[in-house]
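Worksheet: the structure to be examined is printed underneath.
The values are calculated or read from the model by the stated rules, or taken from the named source; none is laboratory data. On a predicted model such as this, the values are computed, not experimentally measured, just so you know. Glycine gets a Cβ as well: all are built from the backbone with ideal geometry, and neighbour counts include every protein chain shown. SASA here: full protein model, heavy atoms, side chains in, ligands and nucleic acids out. Shrake-Rupley method; radii C 1.70, N 1.55, O 1.52, S 1.80 Å.
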Amino acid sequence: MNILDELKWRGAINQETDHDGLNDLVNQKSVGIYVGIDPTGDSMHIGHLIPFMILKRFQLAVHHPVIVIGGGTGAIGDPSGKKSERVLQTMDQVKHNEAALTAQMEKLFGQDGKFEIVNNYDWLSKLSLLDFLRDYGKLFNVNTMLNKEIVASRLEVGISFTEFTYQILQSIDFLHLYRHNDVQVQLGGADQWGNITSGTDLIHKVEGADAQVFGLTIPLLLKSDGTKFGKSEGGNVWLDPEKTTPYEFYQFWINQDDRDVIRYLKYFTFLSQDEIAELAKKVETAPEKREAQRKLAEEVTEFVHGKAAVEQAEHISAALFSGDVSKLTTAEIEQGFKNMPTVEVSAEPLNIVQWLVDSTKIESSRRQAREDINNGAIRINGEKIQDVDFMIDPSKKFDGKFVIVRRGKKKYFLARVK
């Protein structure tokens, strides 16, 4: 099947400006297709990742992806469906974010064929106000712009002229890429439809009605409970490992609902139809094994963070499940226990009963501490301790930085050495 048929099977097509024309084009040649992202932050989260997964599929189908980092558009901010104006960033912050996003894109697209990363600041910053008004402003009808969904949603509370003109700037991007980078397709989320069609309209006005340019959007991805996909209990799930560790990233995917996992396998992995169909059967016949979720977590984590990160996440998961944390490295403790209950302790050795009660407050009393120790309910760094005279020496394990306590079967605590 061609790329559009595959996207349809994956449920990844929302709107197309001309399906037949685009279908003919992708069957005839390697097509330039672009997705843009404004540097409003220094990392993508998994909600941002969705259109770039589709762009990656075009790359694997031997088309030519172009990634636009919006250094120009990001300097002013887009309406983005929000009910209030964006706070303008400093140009230093924009530059920092541009560099961070560029590094992430190079990692995602750099292994599988040609791609380009461009920055719209390079051409938008060269426009004078008079050029903008004469060459482009005259080609946009205000009534049409007001009817675009993303603008219309803001009219009740108000929208600045700056954000109102965003769709013109994005249209100029498409025109520039059509002229200089052989780009004929713009891809974006469902909320970008108005901006995308403004771009195709501009190109047809400037280059002629027979110019072959197309717009394609992907649906808003919702979870089975009707809420928007992309966040965990702790907030956004980031691609930056400093913001969301690879272990947390892996856990996000492995914890997906049975009702959602097959859709996510279609969206976020490059598995074949047969492979996904086999996993769908396993969801039906043996959901308790969570094989589909494990495969989803493996595939997406490897795509974003690499094979080593998958192996590390699986190692941490196995250690936490079994209780044998002694084989974890200090770096793995940092990842796996990031959100565990944490206390600070002294580096000085101390009797276990005193340490559990006075230093960490893990136990409520000395009597309870002794009882739990005698009953084998306390593990220190993976070792069951049943001696009330045991001395805890933080320097013995994990480079002297941590002591791991497990009370009972599942309750973990991280003691961080001051």
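Worth a mention:
- Condition met for E106 (touching a Pro at 6+ places or on another chain (Cβ under 8 Å) and at pLDDT 85 or above): no
- Residue within the range 241-251 that is touching a residue at least 40 places away in the same chain (Cβ under 8 Å) and within 22 Å of E284 (Cα to Cα) present: yes
- Residues (under 20 Å from the mean Cα position of the chain (by Cα) and of a type in the set (K, R)) located in the range 90-125: K107
- Residue that is farthest from L55 (Cα to Cα), among those in the range 154-190 that are under 25 Å from the mean Cα position of the chain (by Cα) and polar (S, T, N, Q): Q167
- Among the conditions (1) in contact (Cβ under 8 Å) with a residue 24 or more places away in the chain; (2) surrounded by 14 or more Cβ atoms within 10 Å (Cβ to Cβ), Q93 misses just one, which is (1).
- Residue satisfying all of: in the range 200-214; in contact with a strand residue (DSSP E or B) (Cβ under 7 Å, 6 or more places away or on another chain) and not hydroxyl-bearing (S, T, Y); nearest to Y264 (Cα to Cα) among these: F214
- Pick from the range 363-392, criterion under 40 Å from the mean Cα position of the chain (by Cα) and within 23 Å of T330 (Cα to Cα), ranking: surrounded by the fewest Cβ atoms within 10 Å (Cβ to Cβ): K384
- Hits in the range 393-405 (condition: open to solvent by less than 90 Å² (accessible area, probe 1.4 Å), closer than 20 Å to M340 by Cα and part of a loop (DSSP other than H, G, I, E, B)): K397
- Checked against (1) in a helix (DSSP H, G or I); (2) open to solvent by less than 30 Å² (accessible area, probe 1.4 Å), T244 passes all but condition (1).
- Per this entry, V151 is not counted among residues that are more than 21 Å from I196 (Cβ to Cβ) and either touching a Cys at 6+ places or on another chain (Cβ under 9 Å) or among the β-branched types (V, I, T) (or both).
- Qualifying residue in the range 109-117 (condition: assigned to a helix (DSSP H, G or I) and surrounded by 19 or more Cβ atoms within 10 Å (Cβ to Cβ)): yes
- Residues located in the range 79-91, provided they are more than 17 Å from S125 (Cβ to Cβ) and modelled with pLDDT of 75 or more: V87
- Number of residues in the range 334-352 that are open to solvent by less than 60 Å² (accessible area, probe 1.4 Å) and over 26 Å from V388 (Cβ atoms): the value is 2.
- Residue in the range 205-214 that is within 30 Å of E298 (Cβ to Cβ), of a type in the set (F, W, Y), touching a residue at least 24 places away in the same chain (Cβ under 8 Å) and buried (at least 17 other Cβ atoms within 10 Å of the Cβ) present: no
- Subset of the range 215-238 (residues that are surrounded by 16 or more Cβ atoms within 10 Å (Cβ to Cβ) and more than 18 Å from L265 (Cα to Cα)): G215, L216, T217, N236, W238
- Against the conditions (1) buried (at least 19 other Cβ atoms within 10 Å of the Cβ); (2) in a loop (DSSP other than H, G, I, E, B); (3) not hydroxyl-bearing (S, T, Y), L127 satisfies every one except (1).
- Just so you know, in the range 255-292 the residues that are more than 30 Å from E98 (Cα to Cα) and in contact (Cβ under 8 Å) with a residue 60 or more places away in the chain include one that is farthest from the chain's Cα centre (by Cα), and it is Q273.
- For the range 207-227, the criterion of being more than 30 Å from E314 (Cβ to Cβ) and in a helix (DSSP H, G or I) is met by at least one residue.
- Only one entry in V94, V62, V66 is at positive phi and at pLDDT 90 or above, namely V62.
Matching residues to (1) open to solvent by 30 Å² or more (accessible area, probe 1.4 Å); (2) within 24 Å of L169 (Cβ to Cβ); (3) free of Cβ contacts under 8 Å to residues at least 12 places away in the same chain; (4) among the small types (G, A, S):
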site: L4; (1), (2), (3), (4): no, no, no, no
site: G11; (1), (2), (3), (4): yes, no, no, yes
site: G21; (1), (2), (3), (4): no, no, no, yes
site: S30; (1), (2), (3), (4): yes, no, no, yes
site: G36; (1), (2), (3), (4): yes, yes, no, yes
site: S43; (1), (2), (3), (4): no, yes, no, yes
site: I46; (1), (2), (3), (4): no, no, no, no
site: I50; (1), (2), (3), (4): no, yes, no, no
